[in-house]
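In what follows, a single structure is set out as structure tokens and then discussed.
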Amino acid sequence: MGTKFIKTICPYCGTGCGLIIKVKDGVAVATYPDREHPVSRGSLCIKGWSAHEFIHHPDRLTSPLLRKGDAFQEIPWDEAIPMAVDKLRETAAKYGGDAVGGLSSAKCTNEENYLFQKLMRMAFKTNNVDHCARLCHAPTTVAMAQTLGSGAMTNSISDLAGAECILVIGSNAAESHPIIMGEIYKAIDRGATLIVVDPRKTAVVQNAKIHLPINPGTDIPLLCGMMKHIVDENLHDEEFVKARMEGFEELNEFLQLWSVKRAAGECGIDEELIRNVAKIYAKAKESAIIYCMGITQHACGTANVLAICDLAMLCGHVGKEHSGIYPLRGQNNVQGACDMGALPNVYPGYQSVSDSAIQDKFQKAWGAELSDKPGLTVTEIIGLAGKDIRAAYIMAENPALSDPDTSHVLESLKAFDFLIVHDIFLTETARFANLVLPGSCFAEKSGTFTNTERRFQLLRKAIDPPGNAKEDFAILCLLGSALGLDFSYNHPGEVMEEIALLAPAYGGIRFDRLERKGLQWPCPDSDHPGTQYLHKDRFTRGRGLFVIPEHTPPKELPDDDYPYYLSTGRMFAHYHTGTMTRRSPFLNREVEEAYAEINPEDAIHLDVKDGEKIKITTRRGSIITTARITKRVSKGCIFTPFHFTEARANMLTNPVLDPVSKIPEFKVCAADVRKESQDD
Ligand code: SF4
């Protein structure tokens, strides 16, 4: 069979680095960085370097599995597909199509996400389709669409290196997006000022000129205090505001409530420091704001993003190269899954399901009657299991680990009348399935991923899926055809041609145009070169809109019973629910067990030494984990990563939702901590 080298895209984070898989005699044996890749330019982080390690793991699913009591039995595809279709059809016939829910996947390609939402919408006339963007950047989609007209990163990753000021707020880019951190280093080398806002002293802070360790959940007070000072001192871009914005008077009136003194009191930062940071950000020729889940995963997540957009627009730092707003997307194709309409309220290209002209367009194109009623979100689909939702199809998502208040999620997963899970491993979620469909990993299929800077990129097949597992595209075509839909696609490129016809922003995307460096949307026609940065002469919505960011404190604050702030997040060696990274020997050697960071003063108070077991308890449950004593967290704060099945951080997290975007408040809740032996 010999040796070959296949250029493709990293399966982990939304940076979308280019990697080359070395295949020897049909086995993926190594990954290397792609020097010609437009984003990563010959670099990978340790996850990219070891991305081949999970591919041939003995735990891979190689056959469809049918639940028989507590065990699973292998069955052939010609039993599995008719069974999946019969059960979903039975449910829809008995309870209506809205009794079926579908979770699509930010790990799957654009074409697979397109087919998934098309299948749900056509076969069951339901919009109950969502995916894990709900748990990371749902507030971004809502708030940026409201203020700028487009819910995506305004600029390109390479723009960062030319920024004069970079404000990183609620993002540990050094661990979660290391290649993007590399662009920040380049900017610092050229003299840029890095300002970091984070309650933790993350690795990003080590390179910052100024660190603002705000009290958890006080981003809006800080941003409003900065805006108040900027307006008071006339540091804002008056010309930009006059020419391109609306709503300034309303914003200014609102800012009267936010003196710098009040802001300082709320967020625990010195007044002079707030003024100084506001001045640096506003006065720089080009300033960029980077944010991530430290901003979005709050009950006020949408308002947090609104405040960021307001600040950037106030200073005219949008619509220019080297400035802009950078929401760093988590999963490799979370941008694409949103773009492809794996959301309950929009078709591909963010076209509303409730707009009758758009509904008509899709009905004609697909030849089916569609629902104009927005569907349910991830947390609603899971929460209504066995009630409004009787059957579910989950493709490559793992809510048993990723969703808040896990004890309730596990109960819900048992409550479906029929649960189909389509994945590459028997995940914590798949263990609850009635039927498991074995899919393909990134190296075993073709298609496109869209990275965090809106770049469509080609994923190229390097090897075949193991055993009887199939390419996800093929599974979706089999299911669609068995449901009576015309899913007779021969190749994902044909699906992309259909997408281009229906979603204007992707009208010029074709596989043959993506070979060299991909294309950044909007790319409306086949001559368009793609778009490096958005909102150049006009915002997508016309004029930019200042929207009032109302502050609401975290829903659960420390008290006598639960005296600590608990925050959760990512770390450099593992990824999301650990399904792939924890099956990588190299990454497991880096970090092999769950842990929680605890401040030295708290450790003394609790009589806990580094490496000892602690029990963390919240109103939802408890976990036992290993203490890491470190000044990275402030006194009174605990941090634990969420990748570890043996110490599920989401047993603890608060499921309360942001009322607008419906993201749960993962980032802050109240917790009690004890040395584990005290509870024995
Ligand atoms: Fe992969 Fe993200 Fe690391 Fe790049 S930064 S190699 S995309 S995990």
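Within the range 657-670, being surrounded by fewer than 24 Cβ atoms within 10 Å (Cβ to Cβ) and within 14 Å of Leu566 (Cβ to Cβ) holds for Glu665, Ala670. Scan the range 184-203 residue by residue and report those that are open to solvent by less than 10 Å² (accessible area, probe 1.4 Å) and farther than 25 Å from Thr568 by Cβ. Hit for the range 184-203 is Ala187, nothing else. When you look at Asn345, is it crowded, with 24+ Cβ neighbours inside 10 Å and either modelled with pLDDT under 95 or on the phi < 0 side of the Ramachandran plot (or both), yes or no? It is false that Asn345 is crowded, with 24+ Cβ neighbours inside 10 Å and either modelled with pLDDT under 95 or on the phi < 0 side of the Ramachandran plot (or both).
Can you report the number of residues in the range 479-498 which are under 17 Å from Thr109 (Cα atoms), surrounded by fewer than 21 Cβ atoms within 10 Å (Cβ to Cβ) and not polar (S, T, N, Q)? Result for the range 479-498: 7.
Scanning the range 1-17 for residues that are within 16 Å of the ligand (Cβ to nearest atom) and among the polar types (S, T, N, Q) gives Thr8, Thr15.
One residue alone among Glu250, Glu239, Glu175, Glu164 is assigned by TED's automatic domain parsing to the domain that holds Thr296, within 16 Å of the ligand (Cβ to nearest atom) and among the charged types (D, E, K, R), and that residue is Glu175.
Only residues that are in contact with a helix residue (DSSP H, G or I) (Cβ under 6 Å, 6 or more places away or on another chain) and among the aliphatic types (A, V, I, L, M) were counted across the range 645-668, and they come to 3. Within the range 225-244, being in a helix (DSSP H, G or I) and surrounded by 18 or more Cβ atoms within 10 Å (Cβ to Cβ) holds for Gly225, Met226, Met227, Lys228, His229, Ile230, Val231, Phe240, Val241, Arg244. Assess whether Ala30 counts as being within 16 Å of the ligand (Cβ to nearest atom), closer than 30 Å to Arg570 by Cα and not in a loop (DSSP other than H, G, I, E, B). Spelling it out, Ala30 is indeed within 16 Å of the ligand (Cβ to nearest atom), closer than 30 Å to Arg570 by Cα and not in a loop (DSSP other than H, G, I, E, B). For the structure I just gave you, tell me whether Leu167 is modelled with pLDDT of 95 or more, out of contact with any Asp or Glu (no Cβ under 8 Å at 6 or more places or on another chain) and within 13 Å of Ile289 (Cα to Cα). Yes, satisfied. Is it the case, given these coordinates, that Ala263 is at pLDDT 95 or above, touching an Asp or Glu at 6+ places or on another chain (Cβ under 9 Å) and either of a type outside the set (Val, Ile, Thr) or open to solvent by 20 Å² or more (accessible area, probe 1.4 Å) (or both)? Yes.
The values are calculated or read from the model by the stated rules, or taken from the named source; none is laboratory data. Just so you know, these numbers come straight off a predicted model, no measurement behind them. Cβ: placed from backbone, ideal geometry, glycine included. Neighbour counts: every protein chain shown. The accessibility values were calculated without ligands, DNA or RNA, using every heavy atom of the protein model including side chains. Shrake-Rupley method; radii C 1.70, N 1.55, O 1.52, S 1.80 Å.
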